[in-house]
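Heads up: the structure comes next, in structure tokens.
The values are calculated or read from the model by the stated rules, or taken from the named source; none is laboratory data. Bear in mind that the values here come from a model prediction, so they are computed numbers and not experimental data. Cβ placement follows ideal geometry from the backbone for every residue including glycine, while neighbour counts extend to all protein chains displayed. Ligands, DNA and RNA are excluded from the accessible area calculation, which covers all protein heavy atoms including side chains. Shrake-Rupley method; radii C 1.70, N 1.55, O 1.52, S 1.80 Å.
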Amino acid sequence: QKEITTENGTKTFFKLPDGSSVWLNAGSSLKYTSMDAAVVREVDLTGEAFFDVVKDAKRPFIIHTKSVDIKVHGTQFNVKAYPGEKTVETSLIRGSVEVLVKNRPGESYLLKPNQKLVVLLDVPDTKTEAAPTTVHRNTPVVSLKNLTYQQGDTTAVEASWVQNRLVFEDEPFSEVALKMERWFDVEIEFRRKNVKEELLRGSFENESLE
């Protein structure tokens, strides 16, 4: 088994043995086998990656994350599954993917282009000064949404990082800060907690942190 990893502040592009293309975002890892004689093409993702999968009807392509499994039918899509974050997102650009949510047996979600599936998880809030707290649910909460586009932009916000653009549209400052921490390899501390839920929008390309 091979593993590709990225540190915070870095991204990488590579091709899998079957010819599929992968863009791996900061602070992420992808494990895979040679795929040469495999009946099923399988990879394990931690973090975020954009995939352009070569279609092969005889050999399904499956992405495993901690919370969801994604069956691919030759397509372009983004998967965001960072440890410790409260959501896992699968964003479909074109083609077709089927998402199976762990702890929701028997359920699967077939996405159409420009849709994303958001899975809300049980994750302790480690950023609070008090003891970590978790709201426990028997099963993850699942919602189907449309991809986000900024006015005049043809690239979805969810996949803009592949073009080396840091983009957010009406996102809480707390979530933007997580993106910036990985993007610039820094740690961000909120001295005024009341600004964490401020909604921000912006688009930056090759900008320094300053």
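Annotations for the structure displayed:
- Full extension of the segment from Asn206 to Arg191, taken as 0.36 nm per residue of separation minus the current Cα-Cα distance, would add 2.7 nm.
- Debye, to nearest 20: dipole size of region 1-58, +1 on Lys, Arg Cβ, -1 on Asp, Glu Cβ: 120 debye
- Given charges at beta-carbon only (K, R positive; D, E negative), |dipole| of the chain in Debye: 680 debye
- Accessible area per residue for the chain, computed on protein heavy atoms with a 1.4 Å probe, is 56 Å².
- Across Lys80/Lys193; Lys15/Lys55; Lys15/Lys71; Lys66/Lys145; Lys31/Lys112; Lys102/Lys196, pairs whose alpha-carbon gap is larger than 24 Å: Lys80/Lys193; Lys31/Lys112; Lys102/Lys196
- Rounded to whole numbers, the Karplus 3J(HN,Hα) couplings from phi for region 111-118 are 8, 9, x, 6, 10, 9, 9, 10 Hz, using 6.51 cos²θ - 1.76 cosθ + 1.60 with θ = phi - 60°, and x at Gly and Pro.
- Taking 0.36 nm per residue of separation and subtracting the current Cα-Cα distance, fully stretching the chain between Glu181 and Glu85 would add 33.2 nm.
- Annotation: Asp44 carries an accessible surface of approximately 60 Å², with a 1.4 Å probe and no ligand, DNA or RNA atoms counted.
- The simple spin-label model puts a point 7 Å past each Cα toward its Cβ; for Lys71 and Leu199 those points are separated by 3.7 nm.
- The modelled label-to-label distance for the pair Leu100/Thr154, using points 7 Å beyond Cα in the direction of Cβ, is 3.7 nm.
- Simple spin-label estimate for Glu3 and Ser108 gives 2.9 nm between the two label positions (7 Å along the Cα-to-Cβ direction from each Cα).
- Against the chain, whose longest principal axis is taken from its Cα atoms, helix 173-184 shows a tilt of about 60°.
- Karplus-derived 3J(HN,Hα) values for region 6-14, using 6.51 cos²θ - 1.76 cosθ + 1.60 with θ = phi - 60°, are 10, 8, 4, x, 9, 9, 8, 10, 7 Hz; glycine and proline are entered as x.
- Under the criterion of Cα pairs below 8 Å and six or more residues apart, the relative contact order for the chain equals 13 percent.
- Shape class of region 133-204 from the Cα gyration tensor (axes a ≥ b ≥ c, square roots of the eigenvalues): oblate, since a/c reaches 1.5 or more and a/b does not exceed b/c.
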